[in-house]
Amino acid sequence: MKLYPPNILDQIKENYVVGVLASKDDYLPRMGDSGEPVSFSEQMNDVVFFVKPISQEPKEITQVENRVGMNKMYIGVGSKSISNLPLEFKYNTDINKKIKYIKEKFEGKLLLFKPLLTQQERTERYYKNIDDIIVEEDCREGVSFYAVPKVNLTPNEFEAKLLAEEPINLEQYNHAMPAPLYVLCGDYIYGNIKENQWRIDSSNNHNARVIISPSTVKRVELMEAEKLKYIGSERDFIVFFDDEFVSTTIADRLDFEGVHLRGLEEETNATSQVELENVQSAMNEKSPEYTNTSPKQLHEIAFIRDLETKAKARNLIYSREDLINFHTSIKSSALTMLSGQSGIGKTKLATIYGETLGLSQKSDTMLIMPISPAYTEPGDILGYLNPATGLYMPAETGLVEFLIHAQDYDKQVHMLIMDEMNLSQIEHYFAPFISLLELEEEDRFLNLYSKDSVCHNDQKYKNSIHLKNNLVIVGTMNTDETTKDLSDRLLDRSNVVVLEKRSFKDIKKELEVFDGSEVYNSGLEDAYGEVYMTWKSQKENWKAFEEFELEFYDELDNAISRVDRLKGFSIRNIIRMGAYLNNLPVDSEQVFHIERGKAIDLFIKQRVITKIRGPIEIYENLIGTMEFDNTEPNGELYSLFNSETAQKISTFDKTKIELKQKARELSVNGYAT
């Protein structure tokens, strides 16, 4: 059982939820003696009542519901949950009169209350309780409400803060609540906001959030008549609107009439403009090489710089190109493989990457899973349903618990590191993942057992786990006699990043220059895991290419397919290449940057050329052979990458080095690997 710390429980009860008294037809908790929505409980020695929530609830409460199947109703206790009770209720010994009083007071009314999550370690149970319930106006049957946080600023002040990406205080709607899609300020409702645009402020203020890329935000004006008609309940910093009104009328008006913040930027008063310039100036003072980059880009470049210096602090030196390539590969591919000489620091790089994102095994946001040569099927890493006991038995790897945590906390990136992944045949033990990771997020459900099977602990282990976009998978691999080769199917679905071995002299020189006491501190470390998802490009992958480039890739595909049609440049790869190019970090000073032509070269080498392997009888014409080191292969591919069309795209230096290596292997061994 996961126990939430007291500070999280305190945050939960600072918010408000609206609900209605439950009906007899609802599935009610087994607390009252009569099974009615209002009943006496001998266990509590008080009247208990049940309230059905009809607005957003705190994230932790929703997560517990999904994880353990907790009842959706909130439990209220007469003498504890209702403030300002009349004396005749408190001291009345007639139970039926007390029940009647609450029924008459609550039935047909909108009920506003503070939610409580009660956890009992002894019984391993959770309860949804009510604090400080307030009775509002009559509530129409079947209506639901959308909680919109309200800020105590003028619209000009609010918009200036948004544009400067400064923290916005959302009191009575703190970090325990899901990211809001609308905010109320004055007579305006602001929308066109996506959940992943919000970043939790890195300070200790658990009410503060920041909107990334705020220029997309729009506003529309609310009429007084609309407020009167569609607001069900209102506190100082929270307003509950009719959900249908917000999701249809307001959403449509934002689409067709909404005014963009970027259109208001020029109208911002002089004071606000100075404040905005001061924010940017402070960023540039802290990191002068990032002048003129947007705050979103700054976060990503700052992350890469933090990654580099954290590695150096552990005496690990990687080329900057390798770090950016690794980062871009992870952003653009569901699975990334780290390869290279044994001892180069593959697992350490993956671990440092996760740590720089603020992830850890202790917080269940990172899992380092060593792979055993004994793994032969998915059950070895996941577990199995024991037909004799009817219990799901998770494997000792901890993978199932980790994936459930990633599913429940889907706004936080989670990183799975599979160490020495090819010690066993990946296509066997990892089979369910290989196909699933290519699907769209809404279709990625990992089945643990049949939904028709009887499982007695299915509250904890559901029959399937949703693999969401917040899951990052990195595998490390060696290439020696103890490991298994990667299949074409796997190579077609993963980026294989081969780390460059630096010379001992260069490593010593860089470490002498590096002063560990001056490790770069961006001030954003606590926020990386929250904003990571916003770094992923939303651009259409096909738009990453010019027409003449696609013609060259068709020519490349034809050349390979004539030898082996299963190893060509697949549609999957061209789409992934577009994603890779769209996800390259942008750095105006090109300090942490890969030029587009070099990026194309890297992708072709690690995604296309890796699949070209086999005997000289098949591949001699395609790869060619090399008698001496200073010659060039006489194969079709090498000539193609040297062509005039190819050189307009990239020099393909790394690709040609890889082809030379394969040509040399053909000459010496009669087989290219």
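Taken together, the values in this text are just the output of simple stated rules run on the coordinates, not laboratory data. Here the structure is a predicted model, which means the values were calculated and not measured. Glycine also receives a Cβ, built like all others from the backbone with ideal geometry; neighbour counts cover every protein chain displayed.
Figures for the structure shown
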{"read-out": "Calculated over segment 541-672: convex hull of Cα atoms, volume per residue (Å³)", "value": "109"}
{"read-out": "Mean separation of Cα contacts under 8 Å, 6 or more apart, over the residue count of segment 541-672: relative contact order %", "value": "25"}
{"read-out": "Segment 341-399: Cα Rg divided by the 2.2 N^0.38 Å rule of thumb", "value": "1.48"}
{"read-out": "Sequence of MET421, MET577, MET415, MET73 once ranked by neighbouring C-beta atoms within 10 Å, starting from the fewest", "value": "MET73, MET577, MET415, MET421"}
{"read-out": "Relative compactness, segment 66-155, computed as alpha-carbon Rg over 2.2 N^0.38 Å", "value": "1.36"}
{"read-out": "Rg in Å to one decimal, and Dmax rounded to a whole Å, for segment 6-141 via C-alpha atoms", "value": "14.4, 42"}
{"read-out": "The chain: relative contact order in percent, alpha carbon pairs under 8 Å with at least 6 residues between", "value": "11"}
{"read-out": "DSSP beta bridge pairing in segment 146-270, given as percent antiparallel to the nearest 5", "value": "95"}
{"read-out": "Of all DSSP beta bridges in the chain, antiparallel share, percent nearest 5", "value": "70"}
{"read-out": "In nm, spacing of pseudo-spin labels at GLU141 and PHE445 (7 Å Cα→C-beta vector)", "value": "3.2"}
{"read-out": "Cα-centred dipole magnitude for the chain, charges only on beta-carbon of K, R (+1) and D, E (-1), debye, nearest 20", "value": "1340"}
{"read-out": "Extension gain from TYR127 to GLU244, taking 0.36 nm per residue of separation minus the Cα-Cα distance", "value": "39.2 nm"}
{"read-out": "Rg in Å to one decimal, and Dmax rounded to a whole Å, for segment 289-535 via C-alpha atoms", "value": "19.3, 65"}
{"read-out": "Given charges at Cβ of Lys, Arg, Asp, Glu: the chain dipole, positive-most of GLY232, MET421, THR356", "value": "MET421"}
{"read-out": "Distance violations [Cα-Cα > 30 Å] among LYS218/LYS331; LYS346/LYS567; LYS13/LYS161; LYS310/LYS654; LYS98/LYS227; LYS310/LYS484", "value": "LYS98/LYS227; LYS310/LYS484"}
{"read-out": "Segment 21-117, relative contact order [Cα under 8 Å, separation at least 6], %", "value": "27"}
{"read-out": "Set of aspartates and glutamates near LYS100 by C-alpha distance (under 14 Å), chain-local residues within fewer than 8 positions excluded", "value": "GLU36, ASP46, GLU88"}
{"read-out": "Residue order, fewest to most surrounding Cβ atoms within 10 angstrom, among VAL563, VAL497, VAL217, VAL586", "value": "VAL586, VAL563, VAL217, VAL497"}
{"read-out": "Nearby lysines by direct alpha-carbon distance to LYS462 (threshold 27 angstrom, same-chain neighbours under 8 apart not counted)", "value": "LYS2, LYS52, LYS59, LYS72, LYS128, LYS362, LYS411, LYS451"}
{"read-out": "ASP557, ASP252 arranged by Cβ crowding within 10 Å, fewest neighbours leading", "value": "ASP252, ASP557"}
{"read-out": "Cα Rg over Rh - the chain, Kirkwood", "value": "1.03"}
{"read-out": "Computed P(r) (all Cα pairs; segment 146-270; 5 Å bins; percent)", "value": "2, 11, 22, 27, 21, 13, 4, 1"}
{"read-out": "Charge dipole (debye, nearest 20) of segment 289-535; +1 at Cβ of Lys and Arg, -1 at Cβ of Asp and Glu", "value": "340"}
{"read-out": "Modelled FRET efficiency - R0 35 Å, LYS460 with SER487, Cβ distances, 0.05 increments", "value": "0.55"}
